[in-house]
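For reference, the structure is listed below as structure tokens.
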Amino acid sequence: MANSKNKMSEKIRRSIERTVDLLSTTVFLLIFLIGFYALLDIHAVNISAKMDDEIASMAPDAETDVDLAELKKINPEIVAWVKINDTNIDYPVVQSKNNTKYLTRNYRGEYATAGGIFLDYRNNGFKDDFSIIYGHRMDGQRMFGGISLFEQKDYFDQHKTGKLYTEDGVYDLEISDFSVVDIDRSGIYNHEGNRNGHNADIIKEIRSFAKQSRDLNYAADDKIIVLSTCDKDSKHYRNVLLAKMVKK
């Protein structure tokens, strides 16, 4: 009788061990698959943030401006090219009828997790006094990920200029401020259909949130631009660069 009980106990023990082994293997496989999927997802996001060779070959350089007419053959919603000198910010700019389309579409209008660099739909091209360009904050300083680097004083001091190539001509960009803007307290994104006549208030507001700033004066008739991306720590904040647009 005792021997029978021992055999039964041994069977139960082995059964429990097999179950534990199976569960352990299953959990390990699930962790492995989740990790593998995460790596694939990161890779896909990074790929989607990279310009293809055709577009990259059309980027402006020190001697050549961008040919927007050729870019519009690829996507008629391409309206400009923005470049911040000596950074990874060097992309075509698109504009649609809303601010959601290019959150998940690239400069070709194709689905892309990294989205595109896009002008606020409420802007009249770059004819307004005040323009906003948006882009996702991506790892490796891709898209507008490099904006956060301007929070460091040395980086801010060394990167002062850029260019904006538009259908109306080429503008030099003179960067004056890096700010971490609290969107719950800021009105810079809320000038519905009216991007003119408010520059003094906008500049004052952005500078109230400034982490880095340089002595650059703005005249009443200067055109200004903001490059905006998400903050790494909070969905309620935006990292922004404020720059003066100077027509060449």
### Task
With a bin width of 10 angstrom, please list the P(r) values of the stretch 53-247 as percents of all Cα-Cα pairs, from the 0 bin to the one holding the largest distance.
9, 39, 40, 12, 0
### Summary
Quick calc: nm separation of the 7 Å Cα→Cβ label points for ALA200 and ASP53 -> 5.5
### Task
Return the loop-located chymotrypsin sites (Phe, Trp or Tyr not before Pro) in the stretch 143-248 (DSSP other than H, G, I, E, B) with at most 12 other Cβ atoms within 10 Å of their own Cβ; answer none if there are none.
none
### Summary
Most exposed to least, judged by fewest other Cβ atoms within 10 Å, HIS136, HIS236, HIS198, HIS159 sort to HIS236, HIS198, HIS159, HIS136
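Arrange PHE118, PHE130 by Cβ neighbour counts within 10 Å, fewest through most, would you?
Values: PHE118 27, PHE130 22.
By the 10 Å Cβ count, ascending, the order reads PHE130, PHE118.
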#### Entry: Between the stretch 182-215 and the stretch 98-168, the Cα center-to-center distance that results, in Å
17
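Since every read-out is calculated from the coordinates, none of them should be taken as a lab result. Predicted model, so just to flag it, every value in this text is computed and none were measured. Positions of Cβ are generated from backbone atoms using ideal geometry, with glycine treated the same way; all protein chains shown enter the neighbour counts.
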